[in-house]
Amino acid sequence: MLRRLNKSFISFFNLFIFTCFLLSCTNSVTPISSSEKEYNSFEKLPNPSKIESDWPKNNSVLVHILAEPDNLHPTNGTSQTRAELFLYLHAGLLRTDLRSGTITPGICSAMPIVSPDQKSLTFTLRVDVKWDDGSPVTAYDVAFTVKASKFKLTNNPSNKFYFDNVKEVIIDPNNDKRFTIVMNSVFVQNLAMWCDYPIIRSKSYDPSMAISMVPFDLLNDTSKHIELDKKLSNWADTFNSAGSGADVNSIDGLGPYKLVAAEAGASWTLEKKKNHWSENSSAYNEKSYPEKIIFKVNQEPVSQKIELLSQKIDGSGYLGTRLLLELQQDSSFNRNYHSKFMDTYGYTYIAMNMHPDGVKHSFILNDLNVRKALASAARIDDMIKVVNKGVNKRVAGPVSPLKKESNPALKIIPYNVKASADLLDKAGWKDSDNDGVRDKVINGKKTDLMVELAYLSVIPEWKEMASIIAEGMKPAGIKIVANGYDYPMWLQKVTSHDYEMAMGAWNTTSLPEDYSQLWSTDSYLNQGSNYTGFGSSATDSLISAIATTMDNDKRTKLEYQMQQAIYDQQPYIFMYGLVRRCVMHKRFSDVEFYAERPGLLYNHVKLLSPTATNAVNP
């Protein structure tokens, strides 16, 4: 069975998202009203009724980001900033439609034809897609991309898992626009893996045809071919060093923009290509209206505020929650900018160690009734209102309510001290010494109901959140000891299962869920992302069935079962969904905000003309 146990597809604690909590802005902000509590995955913003005289007139979009890309290599990077830039620099066979959160054709004319055994995907490339010199994109470029990504010496460990499952690419001998990708095994990610994955040109990255001419069956077994092995090793050395971002001429992509300037740690400037194939496209995500898109790093909330109030920034999806709430009370900001808290597919949680060792960590959370009692005694709603000013929404389970495969039968657990107390009574926890903390004799020793809650100290607000959780559990006779840790120590504790409760978050996408990372027993035993020890042979079989069921309706039913199993065992206290803080200057029309990352697309916004009207773009 295919299982992915690293964390690139569902990434833990993407620091870009959580820097939003590192704000030291005023607390004098008004909580969001309950009328704004519906989940939305996409919103079109109205064009302003008039153009203000002091709005900048240049047709360039300056985008605020929090961190530089790890690199701009076509296959070897992992950062969110890199992925965002690649939406404009490259193009893939398929793409994630940010409006619908679904998989749609990219540079292919239609979705692939899936074989009866569900192991082969037959694509046909669009005839209008061309490289910058006018040369057509062919199946040979696709085959090269797959070989480059699959080759053992290519430095792309986060994607190697997926490409190990690619057996070969078969090119139609009568049509170099048509090809079939053959997979080794049926896997639900076999389609999603091609979304926004850059197709790269063999002429640019393999001019000597070193790897392009190697058959797939020989590609990863060159040990008996010494000369070939040396040749491919030399190719890999060159390829792995390409596209770092230092050389703006090293990037050869199919996207409508090209990189023209890069200043490490500061900014990246993309410029619209002339006579690009996408000029005749009607797709919103293939437009290129701005002449330039400039990505600029700014990690300081005070500086971000100054730049927004002086109209230096055009767009951002990375402001802090409190900063945006404060800005939304400023009339000049509202005059110049659209802004909204957009729901995302990520969520926060408190993990509970279901398998304590009984020595360092007492046998407390191994009891289901205790875990359920803690969930009933967690003041999540108050925490959202006080700390996050009401902008976040509760979640009931491990799949975002934005996704149709989210099980609607799962219900939010309300704060209920009596329900918590009843469960603890049932589990044998009483306050025998009247000190306000329940206790129980375990293995002949009186044990207090005292549990450590580990949180990330780099997020100041999380200390306040942990305090609210601790105070809320006192009436039920539960003592929570909240301790902050830096990220490396926090991660070491949860992956080695040396903890009791831990507050964390997951950032995921609209693409199909991979339950193995967080919920398989293998992930727990191998110190992966299953921190709690949830799972059994039955749930592992269910995970396998989900991963290999390609029929959407059948897979959704299996996912409902999996989510119910997780809900019933209470390995997490599910807290709230994450939000993205979207901001865009009103001097541009056709502005859209998305739940899917990166939250905004800047290539299709238009600099307003004097004839702008207050209407939503169709």
Check your understanding: Among the residues of region 461-477, is any part of a loop (DSSP other than H, G, I, E, B), in contact with a helix residue (DSSP H, G or I) (Cβ under 9 Å, 6 or more places away or on another chain) and closer than 16 Å to Tyr572 by Cβ?
Key -> no
Check your understanding: Going by the conditions given, is Phe333 at pLDDT 95 or above, within 26 Å of Asp70 (Cα to Cα) and not in a loop (DSSP other than H, G, I, E, B)?
Key -> no
Exercise for review: Using the structure shown, decide if Ser362 is of a type in the set (Ser, Thr, Tyr) and open to solvent by 40 Å² or more (accessible area, probe 1.4 Å).
Suggested key: yes
Study note, to complete from the structure: Of Val399, Val387, the only residue that is touching an Asp or Glu at 6+ places or on another chain (Cβ under 7 Å), at pLDDT below 95 and buried (at least 20 other Cβ atoms within 10 Å of the Cβ) is Val387
Check your understanding: Quick one: is Met465 under 30 Å from Met183 (Cα atoms) and within 25 Å of the chain's Cα centre (by Cα)?
Key -> no
Review point. Ile226: open to solvent by 50 Å² or more (accessible area, probe 1.4 Å), touching a strand residue (DSSP E or B) at 6+ places or on another chain (Cβ under 6 Å) and among the β-branched types (Val, Ile, Thr), yes or no?
Key: no
Check your understanding: Would you call Ile566 β-branched (Val, Ile, Thr) and not in a strand (DSSP E or B)?
Key -> yes
Exercise for review: Check region 172-186 and report whether any residue there is part of a helix (DSSP H, G or I) and within 21 Å of Pro74 (Cβ to Cβ).
Suggested key: no
Review point. Here is a list of conditions, (1) in contact with a Ser or Thr (Cβ under 7 Å, 6 or more places away or on another chain); (2) open to solvent by 20 Å² or more (accessible area, probe 1.4 Å), and Tyr347 meets all of them except one; can you say which number that is?
Key: (2)
Review point. Of (1) more than 30 Å from Asp221 (Cβ to Cβ); (2) touching a Pro at 6+ places or on another chain (Cβ under 8 Å); (3) modelled with pLDDT of 95 or more, Gln80 satisfies all except one. Which?
Key: (3)
Check your understanding: Yes or no: Ile350 in a strand (DSSP E or B), farther than 23 Å from Gln561 by Cβ and among the aliphatic types (A, V, I, L, M)?
Key -> yes
Exercise for review: Could you tell me which residue of region 105-123 is nearest to Asn603 (Cα to Cα), considering only residues that are open to solvent by 30 Å² or more (accessible area, probe 1.4 Å) and touching a helix residue (DSSP H, G or I) at 6+ places or on another chain (Cβ under 9 Å)?
Suggested key: Met111
Practice item. Pairs only if they're at least six apart or on different chains, beta carbon under 9 angstrom, first in region 407-422 and under 18 Å from Glu559 (Cα atoms) and modelled with pLDDT of 95 or more, second open to solvent by 30 Å² or more (accessible area, probe 1.4 Å) and in a loop (DSSP other than H, G, I, E, B); list them, first residue then second. Key: Pro408/Pro401
Review point. Does region 510-523 contain any residue that is surrounded by fewer than 19 Cβ atoms within 10 Å (Cβ to Cβ) and over 22 Å from the mean Cα position of the chain (by Cα)?
Key: yes
Study note, to complete from the structure: Just one listed residue, out of Leu85, Leu121, is at pLDDT 95 or above and more than 29 Å from Thr549 (Cβ to Cβ), and it is Leu85
**Study point:** Set Ser24, Ser49: member being more than 19 Å from the chain's Cα centre (by Cα), modelled with pLDDT under 50 and surrounded by fewer than 21 Cβ atoms within 10 Å (Cβ to Cβ)
**Key:** Ser24
Check your understanding: When you look at Asp164, is it open to solvent by 60 Å² or more (accessible area, probe 1.4 Å) and touching a residue at least 60 places away in the same chain (Cβ under 8 Å), yes or no?
Key -> no
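One line per residue, one yes/no per condition, for (1) touching a helix residue (DSSP H, G or I) at 6+ places or on another chain (Cβ under 7 Å); (2) of a type in the set (Asp, Glu); (3) open to solvent by less than 60 Å² (accessible area, probe 1.4 Å):
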residue: Asp247; (1), (2), (3): no, yes, no
residue: Leu254; (1), (2), (3): no, no, yes
residue: Ser267; (1), (2), (3): no, no, yes
residue: Tyr289; (1), (2), (3): no, no, no
**Study point:** Verdict on Ser100 being more than 17 Å from Glu596 (Cα to Cα), among the small types (Gly, Ala, Ser) and surrounded by fewer than 19 Cβ atoms within 10 Å (Cβ to Cβ)
**Key:** no
Exercise for review: Determine, yes or no, whether Arg587 is under 23 Å from Phe341 (Cβ atoms) and open to solvent by 30 Å² or more (accessible area, probe 1.4 Å).
Suggested key: no
Check your understanding: Pairs under 6 Å by beta carbon, first residue touching a residue at least 12 places away in the same chain (Cβ under 8 Å) in region 268-284, partner in a loop (DSSP other than H, G, I, E, B) and not aromatic (Phe, Trp, Tyr), six or more apart or different chains?
Key -> Lys272/Ser288; Lys272/Glu291; Lys273/Pro256; His276/Pro256; Trp277/Asp128; Trp277/Val129; Ser278/Pro256; Tyr284/His604
Exercise for review: May I ask you to say which residue of Val481, Val494, Val451 is open to solvent by 10 Å² or more (accessible area, probe 1.4 Å) and not polar (S, T, N, Q)?
Suggested key: Val481
Exercise for review: Identify the single condition in (1) within 30 Å of Tyr337 (Cα to Cα); (2) at pLDDT below 95; (3) open to solvent by 20 Å² or more (accessible area, probe 1.4 Å) that Asn507 does not satisfy, given that it satisfies every other one.
Suggested key: (3)
Review point. Can you pull out the residues in region 136-152 that are surrounded by 17 or more Cβ atoms within 10 Å (Cβ to Cβ), part of a loop (DSSP other than H, G, I, E, B) and out of contact with any Asp or Glu (no Cβ under 7 Å at 6 or more places or on another chain)?
Key: Val137, Phe151
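The values are calculated or read from the model by the stated rules, or taken from the named source; none is laboratory data. Everything numeric in this text was worked out from a predicted model, so none of it was measured. Note: ideal-geometry Cβ built from the backbone for every residue, glycine included; neighbour counts use all protein chains shown. When the accessible area is computed, the model is the full protein with side chains, heavy atoms only, and any ligands, DNA or RNA have been set aside. Shrake-Rupley method; radii C 1.70, N 1.55, O 1.52, S 1.80 Å.
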